[in-house]
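Novice: Provided herewith is a single structure, encoded as structure tokens, for subsequent inquiry.
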Amino acid sequence: MSEKVNELDLVRFIAEQTNIDSNSIRLVLKHEQDFINNAQADVNGDVEIDGDELVDYILSRTDANLDEITVETILDTEMDFFMDRGYAGYED
């Protein structure tokens with residue numbers, strides 16, 4: 001990705017689409033980034049993220065007092081944001 005994503009735009013987009021408060025969104029995004037940063041890359045340098053493991057990781061954080069549906073909604077809406085802007089897509 002050649003452009004840096006504006007976190008404020010991302011949080012605003014998710015909040016507008018979901019009516020979830022921005023503090024909860026930022027918390028989920030923070031823990032998601034921690035999870036990704038600690039993921040192991042394969043021999044090609046690619047990192048495969050399992051969505052269920054990511055949700056479980058976020059829910060296991062002591063400061064994440066959110067339910068599973070809220071976390072999944074935030075993550076799904078984040079993906080919508082990236083797909084709408086051409087930054088991401090789903091692999092088969």
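The values are calculated or read from the model by the stated rules, or taken from the named source; none is laboratory data. Predicted, not measured: the structure shown is a model, and the values here were computed from it. Note: ideal-geometry Cβ built from the backbone for every residue, glycine included; neighbour counts use all protein chains shown. We work out accessible area using only protein heavy atoms, side chains counted, and drop any ligands, DNA or RNA first. Shrake-Rupley method; radii C 1.70, N 1.55, O 1.52, S 1.80 Å.
Novice: Counting only heavy atoms of the protein chains, get the accessible area per residue of the chain (1.4 Å probe) and round it to a whole Å² value. Intermediate values should be presented prior to the final figure.
Specialist: Working: 6510 Å² over 92 residues.
That works out to 71 Å² for each residue.
Novice: On a full-extension model of 0.36 nm per residue, what is the gain between K30 and M79, subtracting their alpha-carbon distance, rounded to one decimal in nm?
Specialist: On the way: separation 49, 0.36 × 49 = 17.64 nm, distance 1.51 nm.
Residue separation times 0.36 nm, minus the Cα-Cα distance, leaves 16.1 nm.
Novice: On the Cα set of region 1-44, report Rg and Dmax in Å, please.
Specialist: Final numbers for Rg and Dmax: 13.1, 40 Å.
Novice: Run the accessible area of the chain with a 1.4 Å probe and give the carbon-and-sulfur part as a rounded percent.
Specialist: Percent of accessible area from carbon and sulfur atoms in the chain: 42.
Novice: Apply the Kirkwood formula to the chain: the hydrodynamic radius equals the inverse of the mean of 1/r over all pairs of different alpha-carbon atoms; give it in Å with one decimal.
Specialist: Values: mean 1/r = 0.0717 Å⁻¹.
Radius from the Kirkwood sum: 13.9 Å.
Novice: Moving on. Looking at the chain, identify the longest residue range that excludes and avoids all trypsin sites (Lys or Arg not before Pro) in DSSP loops having at most 15 other Cβ atoms within 10 Å.
Specialist: Working: sites that count: K4, R61, R85.
It runs 5-60.
Novice: Also: At 7 Å along the Cα-to-beta-carbon direction for both N65 and N44, put a label point, then send me their distance in nm to one decimal.
Specialist: Each label point is offset 7 Å from its Cα along the Cβ direction, giving 4.3 nm.
Novice: While we're looking at this one, here's another question. Please calculate the 1.4 Å probe accessible area of L8, with all protein chains present, and give it to the nearest 10 Å².
Specialist: Rounded to the nearest 10, that gives 90 Å².
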